[in-house]
Amino acid sequence: MHAVKAVSALCCLLLSHVAAFGTVCPATFGGKRCGLQMSAVAEAPIDSEKSTTASNLRNIAVIAHVDHGKTTLVDALIRQSGVFRDESQANEAGERVMDSEDQERERGITILSKNLAVSRNGVKINIMDTPGHADFGGEVERVLNMCDGVLLLVDSVEGPKPQTRFVLDKALKKGMKALVVVNKVDRPAARVEYVVDTVFDLFVDLGATDEQTDFRVVYASGLLGKAGHEPDNLAEDMGPLFDAILESIDAPNVEKTEPQALQALVSNIVYDNFKGKMGIARISNGSVKNGQAVALAHPVKDKKTGRIGNLYVFDNLGKTEVEEASAGEIIMFSGLDGVEIGDTLITNENAGANAAPPLEPIAVEQPTVRMSIGVNKSPLAGREGKFLTSRMIRDRLFKELDRNVALQVAETDSADRYEVSGRGQLHLTVLIETMRREGFELEVGPPTVIYKENPETGKMEEPWESVEV
């Protein structure tokens with residue numbers, strides 16, 4: 001029996017391994033379909049008579065609770081899409097190809113959302129693999145701005161879990177379709193009928209529309225690389241899942257295709273040793289060319305102008321440089337060092353006289369836990385790290401804000417100490433360990449819960465989570 005109860009975030013703050021100071025070492029089988037269409041960015045409904053679709057594109061995110069098999073399933077899709085030249089190259093790539101960061105492989109979890117693209121029957125499918133931990137929910141919220149639909153993975157034994165609720169709620173509020181994938185159906189204890197029923201109940205509980213609750217179901221085993229329309233009759237490959245994606249997830253809706261209508265919301269930032277800061281964005285309207293005069297617009301910030309240095313689209317596990325990209329595509333671009341997550345890429349031809357307005361910036365949930373990070377003042381200071389000063393630590397923390405949308409950094413009364421707020425203990429721990437490996441030596445204070453005053457009642461409230469025991 002499952003007992004669900006609210007647990008104070010204060011109970012989750014037992015960081016016994018962190019010292020107070022020192023170096024921090026369209027089918028109608030058993031499933032259903034959905035028909036609601038909406039832009040990937042929160043905006044007014046699109047007039048279907050005036051809009052078009054990029055029929056050769058699909059943009060999807062794979063979302064689920066932790067350990068429900070997202071990355072393993074994506075691995076199977078990659079291996080069956082001709083990404084690898086032969087079996088030896090696939091073996092060389094190893095398992096969980098998308099978890100490329102050191103800490104991801106060591107911890108066995110996905111920390112950062114990642115993009116890839118595969119092709120199926122002449123249709124390009126942009127896939128975004130996302131984290132399952134609640135601490136990294138900001139990554140999921142950021143990625144959903146680039147998608148038109150989601151693959152909701154659910155374990156065939158466990159069913160929907162708390163993070164399943166969180167990520168599905170975000171997708172449904174954006175009007176997205178969800179293709180439900182009941183994963184790990186090869187497990188002896190699998191109870192697929194119960195899981196499908198509880199997923200339906202979850203949709204209803206989250207206030208999904210009738211169209212959204214009419215979802216389609218595919219059964220799969222990511223580990224075996226098999227999928228099917230019935231849990232006891234899987235195909236020998238992931239073909240049924242690929243077909244369901246093409247049939248159940250809508251192509252991107254495009255309201256305007258003219259170049260001057262360019263609107264592309266920047267949802268991620270990456271760094272290249274040679275090209276510098278690069279933005280990743282989904283083109284909602286218009287088109288963009290390599291070398292084009294563009295601007296980065298934001299509703300509450302000054303406009304930044306420049307030219308596209310290099311323009312890329314995602315291709316398999318890497319990227320391919322192109323001369324032009326159109327609405328619906330997900331691009332990566334260089335040449336604008338001032339790019340930030342939440343900016344909108346617009347045209348600056350003719351000094352931006354006919355440029356489109358910026359899109360609504362990305363909004364994420366607020367942090368729940370804070371701790372202080374500062375200069376190491378212990379007797380053993382300076383023995384291990386090479387970046388020791390307050391200025392170095394400050395620059396590194398504020399640089400992290402470029403891509404970590406759920407993180408907040410603030411100055412304190414002390415010149416050598418900074419207040420860092422995140423979505424949970426794991427969120428902050430990963431940042432601290434990353435900085436330690438980069439050569440920073442830090443003094444870390446104890447974590448504390450962030451209390452906030454309810455403007456309606458005037459009472460102080462603390463964050464809480466739903467937990468299944």
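The values are calculated or read from the model by the stated rules, or taken from the named source; none is laboratory data. Just so it is clear, the structure is predicted and the values come from calculations on it, not from any experiment. Cβ sites come from the backbone with ideal geometry, for glycine too, and all protein chains shown count toward neighbours. These accessible areas exclude ligands, DNA and RNA; they are computed on the full protein's heavy atoms, side chains included. Shrake-Rupley method; radii C 1.70, N 1.55, O 1.52, S 1.80 Å.
Pop out the carbon and sulfur fraction of the accessible area of region 225-270 as a percent, whole number, probe 1.4 Å.
42 percent
In the P(r) worked out for region 384-443, what percent of Cα pairs fall beyond 19 Å?
Tail fraction, whole percent: 24.
Under a straight-distance cross-link criterion of Cα-Cα below 22 Å, which lysines are reachable from K301, leaving out those fewer than 8 residues away in the same chain?
Candidates past the 8-residue exclusion: K277, K399.
Under a cut-off of 18 Å between alpha-carbon atoms, report the lysines in cross-link reach of K70, not counting same-chain residues fewer than 8 places apart.
K70 reaches K114, K161, K170, K177, K184, K226.
Provide the solvent-accessible area of L223, counting protein heavy atoms only and rolling a 1.4 Å probe, rounded to the nearest 10 Å².
Approximately 140 Å² of L223 is accessible to the 1.4 Å probe.
Over region 265-346, give the accessible area per residue in Å² for a 1.4 Å probe, as an integer.
Solvent-accessible surface per residue comes out at 38 Å².
Which trypsin sites (Lys or Arg not before Pro) in region 376-469 sit in a loop by DSSP (not H, G, I, E or B) and have at most 15 other Cβ atoms within 10 Å of their own Cβ?
Answer in residue order: K377, R383, K386, K459.
For K377, give me every one of the aspartates and glutamates with a C-alpha distance below 16 angstrom, ignoring sequence neighbours fewer than eight places off in its own chain.
Here the aspartates and glutamates satisfying the reach criterion relative to K377 are D416, E441, E443.
Give me the log10 of I(q) over I(0) for region 314-432 at q = 0.17 Å⁻¹, as the Debye formula computes it from C-alpha points; what are the numbers?
Log10 I(q)/I(0), no solvent term: -1.01.
Ignoring any ligand, DNA or RNA, what whole percent of the accessible area of region 410-469 comes from carbon and sulfur when the probe is 1.4 angstrom?
Carbon and sulfur atoms account for 52 percent of the accessible area of region 410-469.
Counting C-alpha atoms alone, how compact is region 228-327: give Rg to one decimal and Dmax as a whole number, in angstrom.
Over region 228-327's Cα set, Rg and Dmax evaluate to 18.2, 58 Å.
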